[in-house]
Every structure is written in structure tokens, then in C-alpha cells.
Number of protein chains: 4
Amino acid sequence: MYVLYKQAFKFNHLNAMGSFNNLSAVFVNCTLKKSPQKSHTERLMRVAQQIMHKEGVRLDLIRLVDHKVPPGVFPDMTEKGWEEDEWPTLFERIIKADILVIGSPIWLGQKSSVAQKLIERLYAMSDKTNEKGQYIYYGKVGGCIITGNEDGVKHCGMSILYSLQHLGYVIPPQADAGWLGEIGPGPSYGDTEWEGKKLDKPVGFDHEFTNRNTTFMAYNVMHLAEILKQIGGLPAYGNSRDQWEDGKRWGFQKPQTS
Amino acid sequence: MYVLYKQAFKFNHLNAMGSFNNLSAVFVNCTLKKSPQKSHTERLMRVAQQIMHKEGVRLDLIRLVDHKVPPGVFPDMTEKGWEEDEWPTLFERIIKADILVIGSPIWLGQKSSVAQKLIERLYAMSDKTNEKGQYIYYGKVGGCIITGNEDGVKHCGMSILYSLQHLGYVIPPQADAGWLGEIGPGPSYGDTEWEGKKLDKPVGFDHEFTNRNTTFMAYNVMHLAEILKQIGGLPAYGNSRDQWEDGKRWGFQKPQTS
Amino acid sequence: MYVLYKQAFKFNHLNAMGSFNNLSAVFVNCTLKKSPQKSHTERLMRVAQQIMHKEGVRLDLIRLVDHKVPPGVFPDMTEKGWEEDEWPTLFERIIKADILVIGSPIWLGQKSSVAQKLIERLYAMSDKTNEKGQYIYYGKVGGCIITGNEDGVKHCGMSILYSLQHLGYVIPPQADAGWLGEIGPGPSYGDTEWEGKKLDKPVGFDHEFTNRNTTFMAYNVMHLAEILKQIGGLPAYGNSRDQWEDGKRWGFQKPQTS
Amino acid sequence: MYVLYKQAFKFNHLNAMGSFNNLSAVFVNCTLKKSPQKSHTERLMRVAQQIMHKEGVRLDLIRLVDHKVPPGVFPDMTEKGWEEDEWPTLFERIIKADILVIGSPIWLGQKSSVAQKLIERLYAMSDKTNEKGQYIYYGKVGGCIITGNEDGVKHCGMSILYSLQHLGYVIPPQADAGWLGEIGPGPSYGDTEWEGKKLDKPVGFDHEFTNRNTTFMAYNVMHLAEILKQIGGLPAYGNSRDQWEDGKRWGFQKPQTS
């Protein structure tokens, strides 16, 4: 019998008393709007952040469009003809967090171009491995928050969560939360007026479904991150790229020709 | 401070010595082909199954198309005018497994109609909650295996994994594995001839990338399932639907109007 | 100069006086509900049908789930172990219509399993060519109508329209129409009560955006179908599969190696 | 009977003798690579361009990443805090062409961030209407070319073609062409070496399926553009936004409450 978890589970009963104050989370808002313009998506992201803050999680927030980050699939695009690239610094903030929550608006039913750029740049770092020889994002947890005025939370969630798991993030249950109005033009999350008319309250703030899903998303990313933290990340047995390249195959057997 | 994990982590050092022999997994093959026709997707599913078998996981395999399962979003479609419905029995096999791996072929770049039917029927049960008041699929782990002759592993994976996490499954890193040939018509996974010509070996069996990803997928669903099993499923703090409906809000606060 | 349209444009000024009464359209409703259960999607499909009816288009409506149509990618699945297959008859009704409008509900953000089955069966016929040697669906026009209670019109539209163009249908502008309510559980299109409460009018019937898009969709499929009808389908210069297989390449030149 | 096509069909028999030399096409390459780096996607786009050139179509090519175009959904982003925006000039080049072909690489199974940015900026202009009161893109024709090394042509095509039809472009049959290698890392379209090894010929250049689909795509966008040109664009009966806003409803009737 191989010893898999024995060392991995450095189970700290004190730390496990319930608080999440050993965790950190980075929220990356992929709005198309530069600061200080108001981002509807950020309003809902703040609801999740407030929960995490209350639970002791250290928070970071990046509005990607405020930074000079060229598109591309290399770690540093200044080596490919771009004058500036803040990605290396932003990547440090992202990779040190236990949790990554991507926020995106919806345009034509799809996540924003800024969200796709983020995924491309995250992917650009996927050559790296952690100290166990796993892909660099292993042991971390991802979620997303999507807002739009009419359609596409699930489609955008699908695309973002898929990318995150493909990179190595764990996706907890119900890791996508969002808000949408009825089909057609309409106010966006948090708007207090629409077509010149004052609304009696900010749109979506009282929405039971959105509030519940945002809460569940927030707790589920915390739970998984806490669990992985306590056991020292995902055990490397069977998923170490470095070891695979060295010829290790664990229980894998080639399918038989017959 | 609330006590979160203290009881949850009934950490059993002996059980954690590395074997996965307390786990069970159900593979649902969503091929369009009835038995005994050969399913390309099933060939690759068996590679993952063989790994799990070696690690002691109890395995079950359902070829959905072999069963009389009508489409629909109700637990038992005989109540909606269908003569037969084997779903209730199949659901028992699925819900008792710690791991669900969905296999699907690709048609026009999409998962099969049988895979979508499976998701609809799984969704039909999502009113149910577990003993913690969480959605019924909480605490379980999902993955997928996709094969096609030319295009769509990621797109199908996206759709299946999204659905699984939405229902309550945890999605581990790199939970999608598959095989694809070059664009255009061509042999499918495991084929030994194409257009009347004998091939020197079954297509894809030696494919390093497919074999590695299948291995990683298999181990990652086992790891997450084992971890969740050891800690008694996902802690219910912050994600119990029943408690939310009773008014419990944990750290959630309504966004402020100002 | 090759003569391309000279014969193709058998332009009939009388016929072109504005009526569409030489056209036929088949609507395939991919609801999961068997007749006589009410289909929300069918309610909106009927709005488009009423427009077409007024314009003189001959209409046919198929509710696919009412028919014994197995999944599969062969023209007749009784040759693959299924007892019954009504597809060959249904295909005749579909292929003789100038216009195909697919209706689908949304489940977990995706088109229904029945819609995917329809696409698989349509695809199964794509070996056939028309009298010009083009794929069998060339010269026809496609659109879709999607309803759900909260999310996914665009995503489902994307998938259905893509499949149709891939098969050979022309997709006119704004060929997708639909209705969605706010995010979360809620009434579906045409519902007159929700959670036991009577609503003052059927949901969505007055929705300006849905009504406009349904109207534009209906007219745009008619316009394109009428145009193609008048010119005898799509000219075959440059797109005949049969001619390509015979070695014809038109203006194509292999990319140069240098 | 209303008169629909009578004036619309200013059918010019001479012009219809077969040449497409009254047409113009703009190709927008959404590679992430700045010039003069080689774009694999552009190589395949040039195959389509060469066909169109031979048929007399005037061609324009934009590599979007070479231009200072911020993300956003406004016509000119310098009004929203960005220093420069070349979009207004680029839009002029796009809107005057009869045909728009979008090229995109694939990253994590999705179209590039640059392609999504293009769609956002095209969408930003959708308030505009043409002289018939239709959306500004009506009467034009769209297609796409996608390349990747392993997976995603259909998924990217789905997303791009959907967006184009939603904006008002007509999508002809089989309007997506592309190239993909086998799953996993590998050379991209046109590469002449891989992992340090010289290949005997550029990858994909001889690929029958890719060449055929690229040819069909090229001809089908030309055919539809030519047809629409000859009849003066899409007739406005039933699809004029301006007229709808003025209360015109054509054959539309509100669904009845009963």
C-alpha cells in the first residue's frame, strides 16, 4: 500500500475550529469599464467579498481593464513587441491567493473580452509546476460571478469555470452566481434608474435567488480552499506532470489492442 | 467563532493510508449506440475504470441508451404519460456512488442527446436535499470523458462539467479527458481500420496526451472523493438550502442601497 | 468569365409581387413534454406561425417527442437494433419545407435533449446531396425560437443555428427569438399563474422585445427563403460536394509551401 | 397584396453573368500576435482571400491586435477615458464591405479575446440603422476561419457566427472553415517544424477537408453577398427597427390570452 495522505493531512484542529482566516482570495473583475466608472458586476462581487471578509478571508480585488495587460499567451508580452505588461505583477497577486473569483459582464451572451484575455494570460503560465510537480494552479479553488441585463449567466459560467478547472483549480458545487433581468433591454444589477425613470430600489439587490447563490458560491469556495489548505493541497499521487514526464504511470495501463 | 470542521473531520488515519477502496464510482456512457455495438467512448472510459479498479474503487457502468429512459424533468416520467421509465432505478445507482463520470461522443461539436437527457434527468432530482439540507449531489465528485473523431472535447466537457457543478458535484482539476483526431472525417478512438484499410494499431491507444489526461482525471476524482468522504461530505455551513429557506443567512448581508 | 446566375435567376416578377404564398415552413418543437401537455415554447412558436400563415406560407408543426424517434446518426435506426423509427417519415416533412424553425426549451442553460436528437438525425442525412450535388439542405433557411424561465436563449440559439448552417441552411439576420424571465425560478412563457397565484395576464405575451424579435425572425426566414426560391436555390458554383469529389476546384489554389 | 420585391429586385442581368467583381470583403484576423509575427490563422485566411481575389472581389485585411482598439461597447472609447481608439476608422472599413470574415485562433477551446473584443465593438454600433431603418449590418454576409492545434473550430465558429447573425449579417451554409490537428500539443496550421524537427511539408496545407470547407465558405459568402447586392439588400418589410418603433407591426398579432 502506498502512503498517500498520511503526511498530507497535517490536520490542525485549532485552525479547523471554523474560521477561514488563514485563507486569501483574489477577485478579478473583467468589466470593460475603467475605474472610476461603476461596474455592475463589481457590485455583486462585493456581496461575495463582504461574506468572505466577515469570515476572515484576506481579500484582493483587481479590475483588469485598469491595468496595461496586452493579450497573448506568453508570461511577459514585452518580449513579444508590447511596450508594457503588468501581467507578471498581477499574476503574483493571483497565484498567491487560495481562491480566485472571476467576475464578468455578458456581451452578446458571452463573457467579456477582458475575461477571455485573463484566461489566456493564466493559461500562459501553465507551463509552471508547483513543488509537487503538479500544474501551478493545483490546490486552489475557483468560482465566478456574472451579471448581465438579460441572458447568459450560465453560458459565461460554463466557459469560465471550465477554463479554471482545466488550468488546475478545483470547482466547488454551485460556483457560479449572478444576476439577470428579463429578456431585452433593461437595467443592470444595482441600477437605480432606467430610461430616465427613478426606480424605487437598486435592481437585483433583493433578489433571493441571486443572494442565495452568491452566498453558496462564497462559502463553497471557502470550504474547498480550507480543506485543501489543511491537507496541504491536492495529493500528487497520480497527477504530477513532472512525474508523468519522468515515466511514472501509477495505476495507468495502456488499453489493450485486442 | 462557530465550530465548523471539528466534527466534520472524522479523520481516519488508517483509512487514509492511501487506498481508495472505500470509494465507489459510476460511469454513465452516453453513446448513441445500443449494446452490443462497440462504443468508442466506452473504450476510453475503460482506461479510467481500469485505474480506479486497481486502486480499489467499486465500479458501476451504465450505458444509458440501453435503458428505457424518456426525456423529461420529473423524477418518474410514467406520471407524465410515458409507459416506462427506468430512471428511478438508475438514479439509485448514480446517487449511491461517490464519483460520477459521464462519457459522451461528440455530434456536430456538441455532447450527445443522450448526455443532455442524462443531465435533464439528474436535474429533475435536484429538489431533493441530503441529510444536511444541501442539494442531493453535494459531497460527490464529477468528471467526464469525451471522444470524437475531430473536434469538440473541450466544448462538451464545458457543458457536462458545468452541469455537474451546478447540480452540486465538486469538479476536480482537469476533470475532462478525451481523444480527437485531426479535423475532418477519420477513424474514432480505438478503430483498427478506416475506409477499408487496416491500421497498424488501434487509433489513440498510444496517445500520450490522452493517456495522461485520463490518468489525471481518474486520480483527481478519486482524491476529491476520498477527501470529501473522510470529512463527511461538504460542511453545510453557508450552503444548506433548507437552512436558507428557514431564514439562516450566515455571513451574508444585503447589498446596501446607498 | 463563367456564367453563374444567368439561368439560376429565373426571376418571376409576378411571383415577386410580395406574397410568400409559394413557401412552406416546418416548425419542430423540441419540448420535453408529450402532447397534450402544454408547451411554453410552442406558444411562442405559434406567434411566428401566425405571421407566416397570414403571409400565405404553408405550415407544418412537429412535436418531436410525440414520435418514436430513437437517437442515432443513421437514416433509419431500425437497422441498428431499434424497433421503431418514425424519422424517415418526419424527415420527408422537414426536407420538403423551404424553412425549418426549431423550437427548444432550455434546461441548465442548454437546448433540450430532444433538440440535440433532432440535430443528430438531421446530420444523419447529410450524406445526401441535391440535384446540383450540394448538401441536401442547401437552398433552405433556418431559424429558432427558444423559451426558458431565466437564462439561455442566446446559448441555445448559438448551438441550433450553428448546426443548421453547418448542415447547409442559410441563417438570416436575427434568426433567433425567445423569451426569458428574470434569473431564478419563475413562470414560463404564457403562464397565467405562478406558485399558486393568479397572474393578471399570460407572462411574456406583451413583451415588446420578444414580439419584435419573433416578428423579425419570421420575416427574415421568409425573405431569404423567397429569394432562394426565386433564384432556384443557392448557385452550385464553388460549393458542390459532388463536383469537388470529381476534382473540380473552381478558384481554389493550394497554399504555397514557401 | 403588398408589393415587396418589385423595386427591391433591380435585377441586372449583365452584372449577374457570374463575376463577383462588384463585391468587397474585409477579413479581420483576431490573432493575439502583433505583426510581423506569423499568424497561423492568417495563412488559412489567405487561402480564402486568394479565391475571392481570383473572383474579382476587392479585399481588405485588418489584424486587429496591431491597432489601438480598447475594449468597450461604445462607438468611440476616447469618450470613456481611453487615450486612443482606432475603432471608428476600422469600423468604416468593415461597414463598407459586403462580406466580413472573422479569423480567430483557439485558446482553451474558445475564440480569442481579440475576437470577442471585435464583437463587442461591432455590437457597440448596433444602434445605427441603414437607410431602410434596418440594423446597420443588414444586407451583409459573414463567415469565419478558425485554426488551432487541437480542438475547438466548431465551438469558436458557433460563437462568432451567432454574433454575426445577431448583429444582422446573413450566414450562408457552411460559413465556418478551419484546421485542427490531433488532440494534445502539436504543430499549428502551416508550421514547417515541430519540437525542433523539420516537417516534410507545412502542416494542413494538403488537408482535403480544410481546403474544401475553406473553398465552400469563400463561395457561399460571395453568393449570398452577390444575391443581396443585386436585390438591394434585404427587403425591409417586417424587419425595420425604425418602423417597428413607429408602431408598424406587419403580420404580427399579439398572442391571445385565452
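The values are calculated or read from the model by the stated rules, or taken from the named source; none is laboratory data. This is a predicted model, so every value here is computed, not measured. When we count neighbours, we look across all protein chains shown, and the Cβ atoms used for this are built from the backbone with ideal geometry, even at glycine.
Structure values in brief
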{"item": "Test: residue in segment D:39-55 that is charged (D, E, K, R), assigned to a strand (DSSP E or B), modelled with pLDDT of 95 or more and buried (at least 18 other Cβ atoms within 10 Å of the Cβ)", "result": "no"}
{"item": "Any chance A:G81 is at pLDDT 95 or above, of a type outside the set (D, E) and on the phi > 0 side of the Ramachandran plot", "result": "no"}
{"item": "Close pairs from segment B:120-147: first closer than 23 Å to C:L32 by Cβ, partner of a type in the set (V, I, T) and in a loop (DSSP other than H, G, I, E, B), Cβ under 6 Å, at least 6 apart", "result": "B:E120/B:V73; B:A124/B:V73; B:K128/B:I136"}
{"item": "Lone qualifier among C:I160, C:I136 - being more than 10 Å from chain A (Cβ to nearest Cβ), β-branched (V, I, T) and surrounded by fewer than 24 Cβ atoms within 10 Å (Cβ to Cβ)", "result": "C:I136"}
{"item": "When residues of segment B:219-244 are limited to those that are at the interface with chain A (Cβ under 7 Å from one of its Cβ atoms) and closer than 19 Å to B:G178 by Cβ, the one surrounded by the fewest Cβ atoms within 10 Å (Cβ to Cβ)", "result": "B:N220"}
{"item": "Cβ pairs under 9 Å, 6+ apart, first in segment A:245-257 and more than 14 Å from B:Q49 (Cα to Cα) and facing another protein chain (nearest Cβ under 7 Å), second assigned to a loop (DSSP other than H, G, I, E, B) and among the aromatic types (F, W, Y)", "result": "A:T257/B:F205"}
{"item": "Unmet requirement for B:D60, which otherwise passes all of (1) more than 10 Å from every other protein chain (Cβ to nearest Cβ); (2) modelled with pLDDT under 95", "result": "(2)"}
{"item": "Output for segment C:214-258, where each listed residue is among the basic types (K, R) and outside any helix (DSSP H, G or I)", "result": "C:K248, C:R249, C:K254"}
{"item": "The lone exception for B:L108 - which of (1) within 11 Å of another protein chain (Cβ to nearest Cβ); (2) surrounded by 24 or more Cβ atoms within 10 Å (Cβ to Cβ); (3) of a type outside the set (D, E); (4) under 21 Å from C:V73 (Cα atoms) it fails", "result": "(2)"}
{"item": "The one condition in (1) in contact with a strand residue (DSSP E or B) (Cβ under 9 Å, 6 or more places away or on another chain); (2) at positive phi; (3) not hydroxyl-bearing (S, T, Y) that B:G233 fails to fulfil", "result": "(1)"}
{"item": "Test for A:D206: is it at the interface with another protein chain (Cβ under 8 Å from one of its Cβ atoms), surrounded by fewer than 23 Cβ atoms within 10 Å (Cβ to Cβ) and under 21 Å from C:G184 (Cα atoms)", "result": "yes"}
{"item": "Some residue of segment D:147-154 being within 14 Å of chain B (Cβ to nearest Cβ) and of a type in the set (K, R)", "result": "yes"}
{"item": "Some residue of segment C:70-88 being more than 14 Å from chain A (Cβ to nearest Cβ) and hydroxyl-bearing (S, T, Y)", "result": "yes"}
{"item": "Matching residues, segment C:191-200, being within 17 Å of C:S39 (Cα to Cα) and surrounded by fewer than 17 Cβ atoms within 10 Å (Cβ to Cβ)", "result": "C:T192, C:E193, C:W194"}
{"item": "3 or more residues among the acidic types (D, E) and at pLDDT below 95: qualifying strands (runs of 3 or more DSSP E) within segment B:85-185", "result": "none"}
{"item": "Within segment B:84-139, considering residues that are in contact with a Gly (Cβ under 7 Å, 6 or more places away or on another chain) and aromatic (F, W, Y), the one nearest to B:T31 (Cα to Cα)", "result": "B:Y137"}
{"item": "Complete set of residues in segment A:90-112 that are in contact (Cβ under 8 Å) with a residue 60 or more places away in the chain and among the charged types (D, E, K, R)", "result": "A:R93, A:K96, A:D98, A:K111"}
{"item": "Lone unmet requirement of (1) among the hydrophobic types (A, V, I, L, M, F, W, C); (2) over 27 Å from B:T129 (Cβ atoms); (3) touching a helix residue (DSSP H, G or I) at 6+ places or on another chain (Cβ under 6 Å) for B:L199", "result": "(3)"}
{"item": "Pairs with Cβ under 8 Å, 6+ apart, first in segment C:31-46 and within 9 Å of chain B (Cβ to nearest Cβ), second part of a loop (DSSP other than H, G, I, E, B) and of a type in the set (A, V, I, L, M)", "result": "C:L32/B:V73"}
{"item": "Test: residue in segment C:182-190 that is surrounded by fewer than 24 Cβ atoms within 10 Å (Cβ to Cβ), within 19 Å of D:P255 (Cα to Cα) and within 10 Å of chain D (Cβ to nearest Cβ)", "result": "yes"}
{"item": "Test: residue in segment B:95-104 that is within 19 Å of the chain's Cα centre (by Cα) and farther than 21 Å from B:L167 by Cβ", "result": "no"}
{"item": "Count - residues of segment A:79-119 that are farther than 22 Å from A:G178 by Cβ and in contact with a Ser or Thr (Cβ under 6 Å, 6 or more places away or on another chain)", "result": "2"}
{"item": "Filtered residue count, segment C:226-244, keeping only those that are free of Cβ contacts under 8 Å to residues at least 12 places away in the same chain and either in contact with a Ser or Thr (Cβ under 6 Å, 6 or more places away or on another chain) or under 18 Å from C:L167 (Cβ atoms) (or both)", "result": "1"}
